[in-house]
Amino acid sequence: MIQNILLAIRSLIARPLRTLLTTFGIVLGVAVILSINITNRSTLAAITRLFSESSGRTNLVVTNADLTLGGFDEGILYRISSVAGVDAAVPLIQSQTLLADDSQRNEFNVSFFGIVPGGLLVYGIDPAKDTLVRDYKLEAGTFLTEDPNEFHIVLVREFAEENNLQLGKSVTIRTPAGSARLKIIGLISREGPGQLNNGAFGVVPLDTAQKIFERPNELDQVDILAAEENRSPQELDALKASLQDRIGVQYSVIFPATQGKRVSQMVSGYQTGLNIFSIIAIFAGAFLIYNAFSMTVIERTREIGMLRTLGMTRWQVMKQILLEAVTLSIAGSAIGIGLGILLARGLIRVTEVFLAQDVSDVAIPASALISSAGIGMIVTLLATIIPAWQAGRISPLEALRIRGNSDDTIAIQRGLRIGTAFMLGSLIVIFLLPIPEPFGSRVNNMAVLGMMFGGALLIPASVGLWERLTRASVRRMYGREGQLGSRNIERSRWRTALTVAALMIGVAMILSIRAVTIAFDRDIRSWIDVYIGGDLFVFSSIPMRNDLQAKLAAVPGVDAVTPIRYLDIKRVKPDGETEPLALTAVDPASYSQVTSFAFTDSVGDPADFLAQLAGGDTIFVSSVLAEKYGLKQGDTLTLKTRRGERKFKIAAIVVDYYNRGMVVQGSWRDLKRYFQVNDASAYLVQVESDADETAVQQQIDKLYGKRRNLTIQSNQTLKSSALNLIGQTSSLFDVLAFIAMIVASLGVVNTMTMNVLERTRELGMLRSLGMTRWQMTKMILAEALLIGVIGGGLGLLFGLFQSRVVISTVNSTAGYDLTYIIPTQGIIVSLVIALFVSQLAAILPAARAARLRIIEAIQFE
Amino acid sequence: MPILEAKALRKIFKLGEHTVHALAGVDFAIEKGEFVALMGRSGSGKSTLLHLIGGLDRPTDGEVTLAGMQLSLLDDDKVTLVRRRNIGFIFQFFNLLPTLSTEENVALPLTIDGKDLNAYQEQITTLLRHVGLEERRRHKPDQLSGGEQQRVAIARALVTQPSIVLADEPTGNLDSKNSTAIMELLRRSCDELQQTIIVVTHDPRAAAYADRAVFLRDGLIAKELRFKKSMKVDERLSTILKTMENIPEQS
């Protein structure tokens, strides 16, 4: 056995370049799997830890049933305390604010969830009770005294240092009334609750917070510490039920961990994206390994034939090849683990940007190491099985035979038949079989994959056709020797097919991604035009007072102002379950002066729809919702309100992608009446047609910007930042396409090297007939060019198809209404990349061919 | 004036610690229209001599002059051009391009030279008739027998009307019937087309078609036989066999 392993190692060392390529395949797979595993774990751990540490020893949490409805009356505290089993009820009010210092005013973090305001998170707490559930690690000064009225604040030390705030001095923060001065009496470390809001966090006495944020007697949350004997899971369940019973349905009693779970659910989409990376990396790695080992077997045909004549059995030959694979996979996995850990650090930083939340690395679990290394080895073995089997099938006669071309006519015929069957089957599924959702789009996607697979099988039979189609241009580019090269493509047809397929997938991916991005871009642009109506968008990270509307309207140059309120609500499904939705409340009268809704599938007069909305008990629903639940104009939708469940009549269907389209629009009147909310999230401002928009913007900023802590953005800026976010998301997918192209180019390197090796003697003959090195280079480049052309051409064909199906899938499953636009730019870019990659990748093999020593080549077998 | 002249040719190979004197100082010349057989056991240096004459390798010492050109003074591209236009090669394993038809394989040197093939159609047809493959001009190599493939290779070597044709064991991969046919074809090429030919062979039967047989041993010319035009092949063969008996084993 040791002998065999040594033999395997020696044969690996004998082919350093190939061994390197194979190792790269393994390293790629293992590193990506491990790093994604670590990143996902770290992200989840960070989120869970954040929530568990910031809620500390809390056993249960009471919040408003509709979280964003904001606070509830603190009177509830006594009711909670009186429930048997409750040891302590800890009140909390929280507010997002800013330092009065101008520098922070317009800072916003762009995150995966949208735009989140930067600034300072302030908890108003009862110092005596809060320390029962949360651990604040005091680093300097003192903690809050028990006097709830002191204008004191305790900040996280790092935040204080970053903003040049000193212990014992004052800090001024923004409040609805303007500003408030608080004395910094203590600094805490960035641990436990100190991690909240990335450390931009402070605590003030409860009463002070209620006062400065103008929320008298209000609380956002009550943390409950259960009595010692009530802390078992069953007891807590019972306590939760009895509490809920006692305080009523307008409150939610939850376990603190479930807060983290909500965020985890949001993160899961991002994680799915990363997991797709893993799968692609595995495929790419397997492709490289397969390719490199096939090459090794071809190169060693004679050697293996010789070993067979010496009495080696088929199984022994296979075993030897597989042993090489195992040896390599061990080395590759080790390197992959090292690289994976490094890669994870980078990926975690990227995740932090997406989540706008610090994610510290977790200890790497042994299971992750083992599983990624295990996957690496299994994939290597699987990818080597076919080449090993082929090696086993080499006849002892090969040792004596001159190498000719194997006859693969039968395989090509079979490929043609199976490929055609796949293509036809897929086309029938896509065009003729109406399969209902939710299966239809999945089946269609599978059909597109089947079509690509079928297309790949057709390549061997169709290379001759491609060669004839491109003959003239290849000749123009690379002369007659180029034509000799491009005709060579008809020789190792399956190898060519594999490489072409890799290129094809890369090109198709680029195209689909482009097409979807363009469609989304255009759609969102047109929606934003409506959604962010008017010319200016005025908002603040702290609540705005209602007198602002009149004040804004009075600014010279302002034509009209309308308020908008975004609210998280719940819809009651027919089965009694609830589902979160977003409500956009508008004031129909002023809204129509500033902007308009984009009505779709609605019969009637838009003015009438608005009149109905103003009349109350009426909503508009988004096309996404309408599609999802089959809602029509005139139907009703039940929403959970502060006054219980209410039925709302659907006056019209509108295009709106806010909250992924899970949104309804209601009137300001209903907002007050049913949700008891009266403040605006933002104001849309219409500037008079002859007024200078920038001047008006500056005027508003001058008058109220600092005083009311407002951010005034032109719609152009807002649109571009929203589109930027879309761009960022699609760039994640561009990376996928990029990886696919790299792997494809390595495939081209491999295939062309194999071709050069296999035809060494023939190349030597051509050189002896008087072919110059440069002619030989051109010949090889021409062959690769043809691979690029076929890969690019087929990729284009399938890519256009795939992108159509993807868009119709998005439309039918997510209820979007995307229009397909042919991605002209994507077509050009992907074709150029395919051709460029094919040429770049062929340079090395071409140089190798040109450098051949003629005598060795003609004696080479 | 000989068409090819080799003077004091030496070729030393280093094999690990050993140095092998493949050629130890060979003087050799061939006149236009002459047909020469290079003979010798394996390791005698006959293939090395062919490689040096053909510009496939460079001598350690000495000079090869082909059609008035000193090969050692030329760089790789120039030597390549000399090979392309002045030398025709025939190999043991035929070495045809599997993707090309008979006709296209024959025209390959012209293709490499960027010639307009239309201008050569007649010449190619004549050559195909010469090698007896006019009927199989559209066939691919895998549709031809070994003997036929070698005839294509001969036509390919003749198509540029080179100064010299070099054949390395042209019958080494053929049965005796096909071998005879190939050697007769080379003989005819010499007689009818005045083609200068050097054949490397260890087969005395093949050598019997030449005008002159040169025997190499230990990298040196051990013996030369010149045959009169009138001599029959069988007579030549017996002379060759007799000579071979008199040349001692290699040291």
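Can you confirm whether A:A841 is buried (at least 21 other Cβ atoms within 10 Å of the Cβ), at negative phi and either in contact (Cβ under 8 Å) with a residue 12 or more places away in the chain or not in a helix (DSSP H, G or I) (or both)? It is true that A:A841 is buried (at least 21 other Cβ atoms within 10 Å of the Cβ), at negative phi and either in contact (Cβ under 8 Å) with a residue 12 or more places away in the chain or not in a helix (DSSP H, G or I) (or both).
Check whether at least one residue in segment B:175-198 is among the charged types (D, E, K, R), in contact with a Phe, Trp or Tyr (Cβ under 9 Å, 6 or more places away or on another chain) and more than 25 Å from B:E5 (Cβ to Cβ), and report yes or no. Checked segment B:175-198: at least one residue is among the charged types (D, E, K, R), in contact with a Phe, Trp or Tyr (Cβ under 9 Å, 6 or more places away or on another chain) and more than 25 Å from B:E5 (Cβ to Cβ). Write out, first by first residue and then by second, each pair whose Cβ atoms fall under 6 Å of each other, whose residues are 6+ apart or on separate chains, and whose first residue, in segment A:480-503, is within 10 Å of another protein chain (Cβ to nearest Cβ) and within 16 Å of A:N750 (Cα to Cα) while the second is among the hydrophobic types (A, V, I, L, M, F, W, C) and surrounded by 22 or more Cβ atoms within 10 Å (Cβ to Cβ). What qualifies is A:I489/A:V463; A:I489/A:L786. The sole residue among A:L671, A:L631, A:L625 that is part of a helix (DSSP H, G or I) and under 14 Å from A:D601 (Cα atoms) is A:L625.
Selection of helices (runs of 4 or more DSSP H) fully inside segment B:64-147 by the criterion of at least 3 residues being at the interface with chain A (Cβ under 9 Å from one of its Cβ atoms) and surrounded by 20 or more Cβ atoms within 10 Å (Cβ to Cβ) returns B:76-86, B:102-112.
Scanning segment A:471-500 for residues that are among the hydroxyl-bearing types (S, T, Y) and over 21 Å from B:K140 (Cβ atoms) gives A:S473, A:Y478, A:T499.
In segment B:34-54 there is at least one residue matching the filter, namely being surrounded by fewer than 20 Cβ atoms within 10 Å (Cβ to Cβ), away from chain A (no Cβ under 12 Å) and either assigned to a helix (DSSP H, G or I) or not basic (K, R) (or both).
For segment A:767-807, the set of residues classified as within 14 Å of another protein chain (Cβ to nearest Cβ), in contact (Cβ under 8 Å) with a residue 40 or more places away in the chain and not acidic (D, E) consists of A:R767, A:S768, A:M771, A:R773, A:W774, A:Q775, A:M776, A:T777, A:K778, A:M779, A:A782, A:L786, listed by residue number.
Before we move on, is A:G506 closer than 23 Å to A:M754 by Cβ, touching a helix residue (DSSP H, G or I) at 6+ places or on another chain (Cβ under 7 Å) and within 14 Å of another protein chain (Cβ to nearest Cβ)?
Criteria not met by A:G506.
Restricting attention to segment B:148-166, which residues are touching a residue at least 40 places away in the same chain (Cβ under 8 Å), more than 10 Å from chain A (Cβ to nearest Cβ) and assigned to a helix (DSSP H, G or I)? Across segment B:148-166, the qualifying residues are B:Q149, B:Q150, B:V152, B:I154, B:A155, B:L158.
To keep it simple, each residue is scored yes or no on (1) in a loop (DSSP other than H, G, I, E, B); (2) under 14 Å from A:G202 (Cα atoms); (3) modelled with pLDDT under 85.
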{"position": "A:V116", "(1), (2), (3)": "no, no, yes"}
{"position": "A:G124", "(1), (2), (3)": "no, yes, no"}
{"position": "A:D135", "(1), (2), (3)": "yes, yes, yes"}
{"position": "A:E139", "(1), (2), (3)": "no, yes, no"}
{"position": "A:E146", "(1), (2), (3)": "yes, no, yes"}
{"position": "A:I153", "(1), (2), (3)": "no, yes, no"}
{"position": "A:G168", "(1), (2), (3)": "yes, no, no"}
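Considering A:I712, A:I650, A:I619, the condition of being farther than 27 Å from A:Q549 by Cα and assigned to a strand (DSSP E or B) is satisfied by A:I650 alone.
For every residue, the table says whether it meets (1) charged (D, E, K, R); (2) surrounded by fewer than 13 Cβ atoms within 10 Å (Cβ to Cβ); (3) modelled with pLDDT under 85.
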position	(1), (2), (3)
A:P387	no, no, no
A:R403	yes, no, yes
A:I410	no, yes, yes
A:G419	no, no, no
A:I430	no, no, yes
A:L433	no, yes, yes
A:P436	no, yes, yes
A:F439	no, yes, yes
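Considered as a group, the residues in segment A:263-297 that are of a type in the set (V, I, T) and either within 31 Å of the chain's Cα centre (by Cα) or surrounded by fewer than 19 Cβ atoms within 10 Å (Cβ to Cβ) (or both) include one that is modelled with the highest pLDDT, and that residue is A:I289. Name every residue in segment A:637-668 that is over 35 Å from the mean Cα position of the chain (by Cα) and farther than 28 Å from A:V603 by Cα, in order of residue number. Within segment A:637-668, A:R642, A:R643, A:G644 meet the criteria.
The values are calculated or read from the model by the stated rules, or taken from the named source; none is laboratory data. Small disclaimer: the values here were computed from a predicted structure and weren't measured. Here the Cβ is made from the backbone with ideal geometry for all residues, glycine too, and neighbour counts use every protein chain on show.
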